[in-house]
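J.: Structure below; questions to follow.
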């Protein structure tokens, strides 16, 4: 009888811990999605200072057809160049947070209206992946950001 009580207690404990971990994970995913949405809002508004504030000090961007950009100052230059190209919006459709809670990522789709060399507006659509790092204060900062177009290479070669 004691063995059955012990097993029942262990099963109950395992279910309780599993549920708590799942809840924590969902809260972390909601938190990282909220960070992604907030970053998209200031990025779309072309607020450079607020946009760069979302970047980790050691963050990097993998911009198509360009070398890797690392550090806030370099990321600020890349973002300012992107602002000059046109308007960008993105929408996260997935968020995952590591069990440790220290790293996570968001992924989704983007649309950018870009002017080519002749002044014609090109609508670029693609996908992105952003790796987020949790800070000591609990906020999330961009550690790595990359994106690529769904358009054929010839259509995007102007930017």
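We did not get these values from a lab; they are worked out from the coordinates using the rules stated. Remember, predicted model here, so these are calculated numbers, not experimental data. Here the Cβ positions follow ideal geometry from the backbone for every residue, glycine too, while neighbour counts run over all protein chains shown.
J.: When you look at residue 81, is it assigned to a helix (DSSP H, G or I) and surrounded by fewer than 14 Cβ atoms within 10 Å (Cβ to Cβ), yes or no?
T.: Working: assigned to a helix (DSSP H, G or I): yes; surrounded by fewer than 14 Cβ atoms within 10 Å (Cβ to Cβ): yes.
So residue 81 fits the description; yes.
J.: How many of the residues in the stretch 40-59 are touching a strand residue (DSSP E or B) at 6+ places or on another chain (Cβ under 7 Å) and under 18 Å from residue 90 (Cβ atoms)?
T.: Count: 6.
J.: The conditions are (1) outside any strand (DSSP E or B); (2) within 28 Å of residue 153 (Cα to Cα); (3) touching a residue at least 12 places away in the same chain (Cβ under 8 Å), and residue 28 fails exactly one of them. Which is it?
T.: It is condition (2) that residue 28 fails.
J.: Inspect all residues belonging to the stretch 107-119 and state whether any of them is on the phi > 0 side of the Ramachandran plot and outside any strand (DSSP E or B).
T.: Scanning the stretch 107-119, I find at least one residue that is on the phi > 0 side of the Ramachandran plot and outside any strand (DSSP E or B), so the answer is yes.
J.: Can you pull out the residues in the stretch 53-62 that are surrounded by fewer than 19 Cβ atoms within 10 Å (Cβ to Cβ) and touching a helix residue (DSSP H, G or I) at 6+ places or on another chain (Cβ under 7 Å)?
T.: 57
J.: Which of the residues that make up the stretch 87-106 are surrounded by 18 or more Cβ atoms within 10 Å (Cβ to Cβ) and either more than 14 Å from the chain's Cα centre (by Cα) or not in a strand (DSSP E or B) (or both)? Steps first, answer last, please.
T.: First, pick out the residues of the stretch 87-106 that are surrounded by 18 or more Cβ atoms within 10 Å (Cβ to Cβ): 88, 90, 92, 95, 97, 104-106.
88 - this is the single residue of the stretch 87-106 that is surrounded by 18 or more Cβ atoms within 10 Å (Cβ to Cβ) and either more than 14 Å from the chain's Cα centre (by Cα) or not in a strand (DSSP E or B) (or both).
J.: If residue 66 satisfies all but one of (1) touching a helix residue (DSSP H, G or I) at 6+ places or on another chain (Cβ under 7 Å); (2) closer than 30 Å to residue 152 by Cα; (3) not in a helix (DSSP H, G or I), what's the number of the condition it fails?
T.: All conditions are met except number (1).
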